[in-house]
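The values are calculated or read from the model by the stated rules, or taken from the named source; none is laboratory data. From a predicted model like this one, the values you see are computed outputs, not experimental measurements. Please note: Cβ atoms are built from the backbone with ideal geometry, for glycine as well, and neighbour counts cover all protein chains shown. These area figures cover heavy atoms from the full protein model, side chains too; ligands, DNA and RNA do not enter into them. Shrake-Rupley method; radii C 1.70, N 1.55, O 1.52, S 1.80 Å.
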Amino acid sequence: MRGEIRAVIFDMDGVLTDSMPAHALAWQRAFEEIGIRIEPMDIYLLEGSNHSGIVEAILKRYNREYSEELKTELSRRKIQIFNTLYKPSTYRGVKKLITMLKSKNLKLAVASGSNQATVHQIIERCFEPGTFKTILTGDDIENGKPAPEIYQKAISRLRLTPRECIVVENAPRGIAAAKKAGCTCIAITTTLPPQHLKDADIIVKSHEELYRHLRESIDQD
């Protein structure tokens, strides 16, 4: 690791919460309503994009015209379907990881491409108030991942430098965003195999391995 670690910035879906299958299914059903059939992998590979980015990418792939009205309607249906499918919960080991990081006096943040209402609802139901110093969502930015904007804003709000922050991600667009922002990035193989995560600095296979790696890295500083 480079320099002193003072913060860990987490993507949420697929990193803190096992919510990606529900997101993928919700997008599948929303796109089916306009005659487009997609697979879960299509969404996993686009994960990190905000709703505009996902809708634009899928419509372009199927040679359908993008409009703000269609984006708004697809996003509305996706959120509606997702809320019927998903009951907020964290991966096993996440609470232990958060407790350890807080005991080391690290600042914690969330930078998720999901919409603001969904992110805050899940965070509020899964974590104690004040766990995260800042929370950024897809609604808080103009350019979703792989653009670095969301991580740049998180770093700015934490009043740190990129070298002082580790990002934990699980998808190629998120990894690209973290690296463009100048952060060390750890990828976890919760939703995609390692070959899709090769641009990360480190790849771990479980939250227990993530816990060990972060604890050792922090203790070395």
* Of all residues making up the stretch 96-121, the number that are basic (Lys, Arg), out of contact with any Ser or Thr (no Cβ under 8 Å at 6 or more places or on another chain) and either surrounded by fewer than 15 Cβ atoms within 10 Å (Cβ to Cβ) or in a loop (DSSP other than H, G, I, E, B) (or both) -> 2
* To do: Out of Leu25, Leu74, report the one residue that is open to solvent by less than 10 Å² (accessible area, probe 1.4 Å) and either within 22 Å of Asn170 (Cβ to Cβ) or in a helix (DSSP H, G or I) (or both).
  => Leu74
* In the stretch 59-71, which residue that is part of a loop (DSSP other than H, G, I, E, B) and out of contact with any Asp or Glu (no Cβ under 7 Å at 6 or more places or on another chain) is farthest from Ser114 (Cα to Cα)? -> Asn63
* Is there any pair linking a residue in the stretch 125-148 that is within 12 Å of Ala177 (Cβ to Cβ) and free of Cβ contacts under 8 Å to residues at least 40 places away in the same chain to one that is surrounded by fewer than 17 Cβ atoms within 10 Å (Cβ to Cβ) and not acidic (Asp, Glu), with Cβ under 7 Å and at least six apart or on different chains, and which? -> Pro148/Lys180
* To do: Filter the stretch 11-45 for residues that are within 25 Å of Glu124 (Cα to Cα), aliphatic (A, V, I, L, M) and touching a residue at least 40 places away in the same chain (Cβ under 8 Å) and give the result.
  => Met12, Val15, Leu16, Met20, Ala22, Leu25, Ala26
* **Where Gln80 falls short, out of the listed (1) open to solvent by 40 Å² or more (accessible area, probe 1.4 Å); (2) within 30 Å of Arg215 (Cα to Cα); (3) of a type in the set (S, T, N, Q)** => (2)
* To do: Being small (Gly, Ala, Ser) and surrounded by fewer than 24 Cβ atoms within 10 Å (Cβ to Cβ) is the filter here, so list the residues in the stretch 31-63 that pass it.
  => Gly35, Ser52, Gly53, Ala57
* **Flag if Ile123 is at pLDDT 95 or above, among the β-branched types (Val, Ile, Thr) and farther than 26 Å from Ala26 by Cβ** => no
